[in-house]
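Down below is the structure, laid out as structure tokens.
The values are calculated or read from the model by the stated rules, or taken from the named source; none is laboratory data. None of the values given here were measured: they were computed from a predicted structure. Because the Cβ atoms are built from the backbone with ideal geometry, glycine has one as well, and the counts that use them run over all protein chains shown.
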Amino acid sequence: MEQIVIAGNGPAGCTAAIYAARAGLSPLVLAGNTPGGLLTQTSEVENFPGFPDGITGFDLVMNMQTQAEKFGARIEYETISEAFLTPGGPHKLILSDGTAVETQVLIITSGATPRALEVPGEDRLRGNGVSACATCDGAFYKDVPVAVAGGGDSAMEEALFLTRFASEVHLIHRREQFRASRIMVARAKANAKIRFHLNAKITEIIGNSNVEGIRIIDNIAGTESIISCKAVFAALGHIPCNEVFQKAGIEVDERGFIITRDNTTYTNIAGVFAAGDCADPLYRQAITAAGTGARAAIDAEKYLAEK
Ligand code: NDP
């Protein structure tokens, strides 16, 4: 029987592992399908304290993992396919290779995945102009037009970032009103390179081996048009990767993020804790994920001591 299993090894999982390992609890980390989490898909991280010259997302997570292993954390590249969670434990996890793991404490740090447009051409051209990360891929599109989909803060931030490289940024949003904060909308509107297409929906991404354009439909007039562009960045929010745990009885909000209790990392099931993007609809930063990972390990350690 394990004392602590940590599901996920992004910044939240790795930080929880560092804290739990230093407390002598020898945590088992199940790294899942995207070892290192979303951060590994980011290029330069310039806002993680302690790295004045920046660090790549991949190096940052790998450093965290090495630090956790140094103190006795064990990393396995396995995915949890089913979970049986019992208030007070033990909790049973079935891994994708069919083996079962029993643990007194589970810390869920399963992250969140970018929402897709779900239109023809998107899957086929992913990596060849279709991206969910302007920070990662924006610099490839110098002096050519690009498009961003969405009306939230991420869409504004990505559109503004892309103006550093692209000749023109087409922002496609399905409504007239924005979900983004006023200041971000004002900044985007003040940038002459950004062209707004409101009440519009992308219906197709066009291109043979690379993106050549997008087909959009005006939601009010019903008219279709084609915008020529070399890349499409979907900034449609994130879907938390909590399905397995939700099926096992973990309480989530209306968007699927795990609900934690009373400003702690406790979930509704005793002995199960949650940290990072899977329980954070708002901040979703490497540093905030790392912070909640530390809190989860401290909560778990106290829980085990009291048991
Ligand atoms: P949000 O959920 O806030 O916004 C998602 C946007 O995508 C919405 O405008 C939504 O439209 C649109 N959308 C969703 N699904 C579809 C679809 N199928 N087709 C077309 N459009 C779709 O996500 P964000 O990632 O923008 O932001 C998440 C959180 O992170 C927010 O709280 C935000 O404030 C924060 N954040 C803050 C930043 C900052 O302050 N600098 C930067 C980035 C994020 P609709 O509005 O119609 O629902």
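Please specify each residue of region 270-279 satisfying the condition of being over 10 Å from the mean Cα position of the chain (by Cα) and on the phi < 0 side of the Ramachandran plot.
Correct list: A270, V272, F273, A274, A275, A279.
When the residues of region 180-189 are narrowed to those that are more than 8 Å from the ligand (Cβ to nearest atom) and farther than 18 Å from C229 by Cβ, which ends up surrounded by the most Cβ atoms within 10 Å (Cβ to Cβ)?
V185
Restricting the search to region 199-211, which residues are in contact (Cβ under 8 Å) with a residue 60 or more places away in the chain and either more than 12 Å from the ligand (Cβ to nearest atom) or loosely packed, with under 13 Cβ neighbours inside 10 Å (or both)?
E204, I205, I206, G207, S209, N210, V211
Just wondering, is there one or more residues in region 52-67 that are touching a strand residue (DSSP E or B) at 6+ places or on another chain (Cβ under 7 Å), within 16 Å of the ligand (Cβ to nearest atom), on the phi > 0 side of the Ramachandran plot and part of a loop (DSSP other than H, G, I, E, B)?
No.
Which one is nearest to N128 (Cα to Cα), of the residues in region 226-258 that are within 13 Å of the ligand (Cβ to nearest atom) and free of Cβ contacts under 8 Å to residues at least 24 places away in the same chain?
Residue satisfying both the conditions and the ranking: G256.
Looking only at region 147-169, filter to residues that are under 19 Å from R115 (Cα atoms) and in a strand (DSSP E or B); which one of those is nearest to the ligand (Cβ to nearest atom)?
Filtering first and then ranking leaves A149.
Report, by residue number, each residue of region 103-152 that is surrounded by fewer than 22 Cβ atoms within 10 Å (Cβ to Cβ) and under 15 Å from the mean Cα position of the chain (by Cα).
Result: T113, P114, R115, A116, C133, T135, C136.
Looking at I220, I216 in this structure, which one is outside the structural domain of T34 (by TED's automatic domain parsing), without any contact (Cβ under 8 Å) to a residue 60 or more places away in the chain and within 12 Å of the ligand (Cβ to nearest atom)?
I216
Out of everything in region 72-102 that is more than 22 Å from the chain's Cα centre (by Cα) and β-branched (V, I, T), what residue ends up being nearest to K302 (Cα to Cα)?
For region 72-102, the residue satisfying everything is T86.
When you go through (1) more than 11 Å from the ligand (Cβ to nearest atom); (2) part of a loop (DSSP other than H, G, I, E, B) one by one for Q177, which number turns out not to apply?
(1)
Given region 212-307, what strands (runs of 3 or more DSSP E) lie entirely inside it while holding 2 or more residues that are surrounded by fewer than 15 Cβ atoms within 10 Å (Cβ to Cβ)?
Qualifying strands (runs of 3 or more DSSP E): 224-228.
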